[in-house]
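Each remark here refers to the structure printed beneath this line.
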Amino acid sequence: MDFFFCQHKTSYYNDGGKEHAEKGGNHMKQMTLGGTWTLEIPEREITVPMTVPGDDHTALLQAGVIADPYQGKNELDLQWIGSSQARLSKIFHCTEEIASLEMISLDLKSIDTVAEVFLNGISIGLCDNMFRSYRFDIRGILSAGENRIEFAFTSAGRTAAFLNTTLPYPIPAMTYPIHSPHRNLVRKAQCHSGWDWGPCLMVKGIYEEPVISASPLERIEYVHTNLTETEGIWNLEVITEITSSDAGETTLTISCAGETLKETVSLRKGTQELRRSLRITDIDLWWPSGYGRQPLYTLSVTLDHDGREKRIGFRTIEVDTSSDESGSAMTFIVNGKAIFCKGANWIPSDALPSRSTKEREKFLLSSAVEANMNMIRVWGGGRYEQESFYETCDEYGLLIWHDFMFSCSLYPSEPWFTENVKEEVIHQVKRLKDHPCIALWCGNNEDVGALTWFEDSRKDRDRYLIDYDRLNEGVIGTQVRKIDPKRTWWPSSPSAGIDDYSDNWHDDSKGDMHYWSVWHEGKPFEAYREVTPRFCSEFGFQSFPSIPLIRSFCPPQEMNISSPVMEHHQRNDRGNTIITSTFSRYFRFPSSFADQVYLSQVQQAMAITTAVEYWRSRRPVCMGALYWQLNDLWPVASWSSIEYGGRWKALHWAAKRFFSPVLLTLQEKQNGRWELFGVNDTERSISGTIILERISFDGNSDLLSQEKAELQPETSTQLLVFDTDSFNTSSSFLRATFVDCGSQDIWETISFLSEPKNCSLEEGTVTIGHSMENGTHLLTLECELPLFYVMLTYPDENLHFSDNGFHLIPGRKKVITCTTGSVDIPFDIEQVKVRHLRDTY
């Protein structure tokens, strides 16, 4: 029999076979079974060591059996791993003290994916869902002394193929040139089967340490809460789910924010739920990044033989979808304040789970905050992340739009599937709901659209619509509403709301929009100004990764964007065509491979800047922009702003500017008719001076306007309207600045009057000065002629510039701080290289 349990921090741990209790008086004993295991692939007669937590591909790579799947086209030669059966085993020792207790279980938090589990040769359970936690009763099977545990893994791909033969009618899924078929039939990260930015690596593994837990009487399965606020008084309802081996008594103690409840409770054999409440009055509110602090309070729940601790935040959150003159809103309201959500979509941090580390995860999330983001969307084709991810988002104030793990497919509604999903949803919602960062639960990614993508569903849409509703609303939505009634349930992304199946790829009047007309339909960047989404949760444009990253997977002779290796690391079938045709649309065609790589990142930044600045200027009609995507999971041409390995692309530097709390933006309303907007997301009014200039490419400038203005708090203000009909659009550009009369802060925006390919850019150079200030390297950049999209590079990846991809204007110094992350890394100013737009031809 299996139970599902919550991945909260426990008060007990094991180290080297010695059990410890952090809190006196409790008697739960635990043994962790991480470390070195043995991986066997009988079909290939392979036996290698494998580290747990870990995955099979990484173990084979470390043992020298396979080449790195990320290099060249090696991935193609390694598809046999995903289709192979495997055994993973370990010998371990158990103490008499643990083996003699009443309740003994094997707790499995993350098994990927299909495996039968054996202890001492006896089958103790089956796992078939990567997103569930399993708890197997092993009393009477676990022995004092030596034990052997084994996982017999079945290929998820083979399992999916078998399940497909049992279906009464086809259940189609989106596929890619390199993919594992029928991935929608197994509960595994959907992108493991291949995506238009990811490899097909059907990994198997154990991603959190297996734990043996033993208690003399009772244990906690879950602790989760419901939080309500009335006039500053918070009611914290604490739900403790307990399993007991027999009837008895235990002492329940709950404490949080200085309040404590303690009582004796009666236990009955089996599982029961205790609901108790604390009344809390003296707390500090948790706020999204940019709106305030993120105080977290420890909630402690203990019984006589078990305990849990977690950190929670006090805040209210709702999504306003009320009707208005533009359609219906989609505005996140936190603690009564309307939040403009700024951010990006998150995919798993690596295609090989062994390479996903807390350090990498924290770097990516800190980079999001550094770029002024306040929301991340956990996309439905990936995975529910481990606890550290959500803890970091809590600490950083990053709201999470959280999809359930269904994407770009139709899915079965057979009981064998829906019951599995039901347990998955129950577990994940109970596990995650107390994180203040969770802003919304979303049923899936693009599954409403998938109803019209396949011939089978177009022929019989009603049948597939019923299947969709039975799974999404009948199972997922029902459990969300039951377990987490205070948080918004959103049926799909994109979606116009419950029971509304509008085309939210093209309808911008309600709900969240996925706007892909620029990339997939080939429209110009200016098309972003043809729509004003209420909330845009996906839009994007591709670029190539940097030259240093390309060198890591591509030999010198293959460094051509249409070479076999480069095309293998471009998973969108039209990706290179779109990138190169956009070169011709906006720029003079780049003269070298390095220039093509650089220019691809420039035009990516230019595309997303066009979208975000326009939509922000339309606040409050638009109240959210999450671009696709933040990160990559292997080295690839993609829509990411941070490439695999952590180097920021030009887009991420641009995001730091276009997501700034105060934004100045120039928008061409129609030919020759321009508007200047000031967007102020802060709570304070900002008074200052607007300066509008026309600057020629030889450096001369004309003052067009200078006047006083005020940016009202939390709004977008039209500051100027003017004409440029009489301007020579090929010889000059516009520059607007806003100077805060109080702080003297300066915000700037620059806009070409025509496509850059039509502009007479001059061949200027950059002068770089170097100095030190309080142990920090400072670079001072100057130029004699205007230079655009100036990118600095340095051989050492640990060097981080404070700004990049910027425009440089004559007579104005640009100071850049450089941090190395280590005082031991020498800094050589001669190694700093500069590239700008005019260098590309």
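The values are calculated or read from the model by the stated rules, or taken from the named source; none is laboratory data. None of the values given here were measured: they were computed from a predicted structure. Positions of Cβ are generated from backbone atoms using ideal geometry, with glycine treated the same way; all protein chains shown enter the neighbour counts. Quick note on the areas: whole protein, heavy atoms, side chains included, nothing else; ligands and nucleic acids left out. Shrake-Rupley method; radii C 1.70, N 1.55, O 1.52, S 1.80 Å.
Quick notes
- The set of residues in segment 519-572 being β-branched (Val, Ile, Thr) and more than 26 Å from the chain's Cα centre (by Cα) consists of Ile561, Val565.
- With respect to (1) within 30 Å of Lys510 (Cβ to Cβ); (2) in contact with a Gly (Cβ under 8 Å, 6 or more places away or on another chain); (3) open to solvent by 10 Å² or more (accessible area, probe 1.4 Å), the lone exception for Val531 is condition (2).
- Matching residues in segment 221-237 - criterion: being among the polar types (S, T, N, Q) and open to solvent by 40 Å² or more (accessible area, probe 1.4 Å): Thr228, Thr230, Asn235
- Ile476 being β-branched (Val, Ile, Thr) and either within 17 Å of Pro170 (Cα to Cα) or open to solvent by less than 20 Å² (accessible area, probe 1.4 Å) (or both): yes
- Qualifying residues in segment 303-316 (those that are open to solvent by 20 Å² or more (accessible area, probe 1.4 Å) and farther than 21 Å from Pro436 by Cα) - the one nearest to the chain's Cα centre (by Cα): His305
- Qualifying residue in segment 437-444 (condition: open to solvent by 10 Å² or more (accessible area, probe 1.4 Å) and either among the β-branched types (Val, Ile, Thr) or at pLDDT 95 or above (or both)): no
- When Thr271, Thr240 are checked against the criterion of being open to solvent by 30 Å² or more (accessible area, probe 1.4 Å) and closer than 30 Å to Asp112 by Cβ, Thr271 stands alone in meeting it.
- Restricting segment 537-569 to residues that are of a type in the set (Gly, Ala, Ser) and touching a residue at least 24 places away in the same chain (Cβ under 8 Å), the residue that is surrounded by the fewest Cβ atoms within 10 Å (Cβ to Cβ): Ser552
- Among residues that are touching a Leu at 6+ places or on another chain (Cβ under 7 Å), farther than 28 Å from Tyr464 by Cα and in a loop (DSSP other than H, G, I, E, B), Ile141 is included.
- Some residue of segment 802-819 being touching a residue at least 60 places away in the same chain (Cβ under 8 Å), surrounded by fewer than 17 Cβ atoms within 10 Å (Cβ to Cβ) and assigned to a strand (DSSP E or B): no
Residue-wise test of (1) assigned to a strand (DSSP E or B); (2) at pLDDT 95 or above; (3) within 24 Å of Ile746 (Cα to Cα); (4) open to solvent by 10 Å² or more (accessible area, probe 1.4 Å).
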| residue | (1), (2), (3), (4) |
| --- | --- |
| Tyr598 | no, yes, no, yes |
| Glu613 | no, yes, yes, yes |
| Arg616 | no, yes, yes, no |
| Leu630 | no, yes, no, no |
| Leu633 | no, yes, no, no |
| Ser660 | no, yes, yes, yes |
| Lys669 | yes, no, no, yes |
| Leu676 | yes, yes, yes, no |
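For (1) farther than 14 Å from Arg838 by Cα; (2) free of Cβ contacts under 8 Å to residues at least 40 places away in the same chain; (3) open to solvent by 30 Å² or more (accessible area, probe 1.4 Å), each residue gets a yes or a no:
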{"position": "Val721", "(1), (2), (3)": "yes, no, yes"}
{"position": "Asn728", "(1), (2), (3)": "yes, yes, yes"}
{"position": "Ser732", "(1), (2), (3)": "yes, yes, no"}
{"position": "Gly742", "(1), (2), (3)": "yes, no, yes"}
{"position": "Lys757", "(1), (2), (3)": "no, no, yes"}
{"position": "Met772", "(1), (2), (3)": "yes, yes, yes"}
{"position": "Leu778", "(1), (2), (3)": "yes, no, no"}
{"position": "Cys783", "(1), (2), (3)": "no, yes, no"}
{"position": "Met791", "(1), (2), (3)": "no, no, no"}
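- Failed criterion for Thr452 (all others in (1) within 22 Å of Ala496 (Cβ to Cβ); (2) touching a Lys or Arg at 6+ places or on another chain (Cβ under 7 Å); (3) open to solvent by less than 10 Å² (accessible area, probe 1.4 Å) hold): (3)
- Members of segment 570-585 that are open to solvent by 20 Å² or more (accessible area, probe 1.4 Å) and part of a helix (DSSP H, G or I): Asn576, Thr577, Thr580, Ser581, Ser584, Arg585
- Any chance Ser193 is among the small types (Gly, Ala, Ser), open to solvent by 30 Å² or more (accessible area, probe 1.4 Å) and touching a strand residue (DSSP E or B) at 6+ places or on another chain (Cβ under 9 Å): no
- First in segment 265-287 and within 24 Å of Glu391 (Cα to Cα), second anywhere and open to solvent by 80 Å² or more (accessible area, probe 1.4 Å) and basic (Lys, Arg), Cβ under 8 Å, 6 or more apart: Asp284/Arg293; Trp286/Arg293; Trp287/Arg293
- Taken over segment 344-366, the residue count meeting the criterion of being out of contact with any Leu (no Cβ under 8 Å at 6 or more places or on another chain) and either assigned to a helix (DSSP H, G or I) or farther than 23 Å from Asp196 by Cα (or both) is 11.
- Residues of segment 101-117 that are polar (S, T, N, Q) and either at pLDDT below 95 or within 31 Å of the chain's Cα centre (by Cα) (or both): Ser110, Thr113.
- Positions within segment 100-109 being touching a residue at least 60 places away in the same chain (Cβ under 8 Å) and either in a helix (DSSP H, G or I) or open to solvent by 10 Å² or more (accessible area, probe 1.4 Å) (or both), in sequence order: Leu101, Glu102, Met103, Lys109
- In segment 390-401, the residues that are assigned to a helix (DSSP H, G or I) form no Cβ pair under 7 Å with any partner that is open to solvent by less than 10 Å² (accessible area, probe 1.4 Å) and modelled with pLDDT under 95, whether six or more places apart or across chains.
- Comparison of Arg377, Arg383 shows that the only residue that is of a type in the set (Lys, Arg) and in a loop (DSSP other than H, G, I, E, B) is Arg383.
- Scanning segment 772-785 for residues that are more than 21 Å from Ile809 (Cβ to Cβ) and touching a strand residue (DSSP E or B) at 6+ places or on another chain (Cβ under 9 Å) returns Met772, Glu773, Thr776, His777.
- Cross-chain or 6+ apart pairs with Cβ under 6 Å, segment 116-145 first and crowded, with 20+ Cβ neighbours inside 10 Å, then modelled with pLDDT under 95 and assigned to a loop (DSSP other than H, G, I, E, B): Ser133/Phe4; Ser133/Phe5; Arg135/Phe5
Listed here are the residues, each with its yes/no results for (1) at pLDDT 90 or above; (2) among the aliphatic types (A, V, I, L, M); (3) in a strand (DSSP E or B).
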residue	(1), (2), (3)
Gly24	no, no, no
Thr47	yes, no, yes
Thr58	yes, no, no
Ser84	yes, no, no
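- Restricting segment 678-695 to residues that are closer than 16 Å to Pro661 by Cα and of a type in the set (A, V, I, L, M) leaves a set whose member that is surrounded by the fewest Cβ atoms within 10 Å (Cβ to Cβ) is Ile686.
- Conditions (1) closer than 30 Å to Ile239 by Cβ; (2) touching a residue at least 24 places away in the same chain (Cβ under 8 Å); (3) surrounded by fewer than 23 Cβ atoms within 10 Å (Cβ to Cβ); (4) among the acidic types (Asp, Glu); number of the one not met by Asp467: (1)
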